[in-house]
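Visitor: Sharing a structure below in structure tokens format, with a few things to ask.
We did not get these values from a lab; they are worked out from the coordinates using the rules stated. Since the model is a prediction, treat every value here as computed from it, not as a measurement. Cβ: placed from backbone, ideal geometry, glycine included. Neighbour counts: every protein chain shown.
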Amino acid sequence: MARVFIALTPVKELNDKIIEIKKDLKSGLLKDHTISWQNNNSHHITLNFIGSMEPEQIDEMFINLEKITTSKSQIALEINSISLFPNDNGQVLVANINPTPQLKKIHSKIEDIINTIGFETHLKKYHPHITLGRFKEKERAGFEIPELEEPIKSLVSNIDVYESEFESGKTSYQLIKTFNY
């Protein structure tokens with residue numbers, strides 16, 4: 001069984017800006033912290049982490065995703081801040097994505113698909129973000145992450161399905177299929 005999630009993958013220009021943010025944090029504010037930084041080629045905005053799926057379930061999900069990805073439009077993304085997730089005491093450093101009506105609608109459609117093939121959806125509020133890194137230390141001196149000078153805007157035109165593998169203490173992602181939105 002494959003551990004599957006559905007996500008948006010930043011285009012190269014947005015990914016380059018995310019890498020730049022991480023470089024600035026590594027050499028500045030967070031230089032004295034022990035952080036496991038996200039691989040630069042693995043940035044994504046999770047729409048739904050489904051978990052373990054049988055091949056037949058994946059095939060059914062693909063059929064249903066094909067039905068919602070025929071508009072041939074683009075999805076607007078806007079990074080509006082950097083913070084800790086899920087709260088100020090969290091261990092995960094993230095770039096927060098503005099949850100626009102368009103993004104919420106896509107998330108809702110995907111949750112409907114996941115429900116249709118027999119998986120429960122998450123009851124918690126959708127909080128779109130890109131993981132930048134994870135603090136290894138549980139206790140750390142307080143710091144304040146500076147605000148972005150201006151939001152970082154981009155467009156994506158694909159919804160991607162990934163398989164997630166956890167091996168030797170590291171998580172890796174393998175792109176299974178891409179759907180043009």
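Visitor: If you keep only loop residues by DSSP, which GluC sites (Glu not before Pro) in segment 95-152 have at most 11 other Cβ atoms within 10 Å of their Cβ? Mind dumping the intermediate values first?
Guide: Numbers: sites: Glu111, Glu120, Glu137, Glu139, Glu144, Glu147, Glu149; in loops: Glu120, Glu137, Glu139, Glu144, Glu147, Glu149.
Loop-located and lightly packed - Glu120, Glu137, Glu139, Glu144, Glu147, Glu149.
Visitor: Please identify, among Leu29, Leu65, Leu155, the residue showing maximal mean-square fluctuation in a Gaussian network model of the chain using a 10 angstrom Cα cutoff.
Guide: Between Leu29, Leu65, Leu155, it is Leu29 that shows the largest mean-square fluctuation.
Visitor: In addition: Quick check: the distance between the Cα centres of segment 149-181 and segment 105-128, to the nearest angstrom?
Guide: Going from one Cα centre to the other spans 17 Å.
Visitor: Here is a further query. Among [x] 16.7; [y] 17.3; [z] 18.2, which one is Kirkwood radius over Cα pairs in Å computed from these coordinates?
Guide: [y]
Visitor: Can I ask one more? Once you have the Cα-Cα distance between Gln102 and Val11, take 0.36 nm times their residue separation minus that, and quote the gain in nm to one decimal.
Guide: Gain on stretching Gln102 to Val11: 31.0 nm.
Visitor: Could I ask something else about it? Give the relative contact order (percent, whole number) for segment 1-128; include only Cα pairs under 8 Å separated by 6+ residues. Write out the running numbers ahead of the final one.
Guide: On the way: 117 pairs, mean separation 34.0, N = 128.
27 percent.
Visitor: Please build a GNM for the chain, connecting alpha carbons under 10 Å apart, and tell me which residue among Lys170, Lys31, Lys153 fluctuates the most.
Guide: Lys170
Visitor: Helix 101-116 against the longest principal axis of the chain: what's the angle in degrees, Cα atoms only, rounded to the nearest 10?
Guide: The angle comes out at about 50 degrees.
Visitor: Pulled fully out, how much extra length does the chain show between Asp59 and Asn115, if you take 0.36 nm times their separation in residues and subtract their Cα-Cα distance?
Guide: Full-extension gain reported as 18.7 nm.
Visitor: Quickly work out the Asp88-to-Glu167 label distance, labels modelled 7 Å from Cα along the C-beta direction, and quote it in nm with one decimal.
Guide: Result for the modelled spin labels: 4.1 nm.
Visitor: Using just the helices of the chain, give the 222 nm mean residue ellipticity in deg cm²/dmol: DSSP H runs with n ≥ 4 each add -39,500 (n - 2.57), and the total is spread over all residues, rounded to 500.
Guide: Details: 3 runs with 46 residues, N = 181.
Per the formula, -8500 deg cm²/dmol.
Visitor: Rounded to the nearest 0.05, what FRET efficiency do Arg134 and Asn180 give with R0 = 41 Å and r taken as the Cβ-Cβ distance? Could you check? Walk me through the intermediate numbers first.
Guide: Working: r = 32 Å, r/R0 = 0.78.
The value I calculate is 0.80.
Visitor: May I pose another question? How many nm is it between the label spots at Asn41 and Gln74, if each spot is 7 Å from the Cα in line with the beta carbon?
Guide: 2.5
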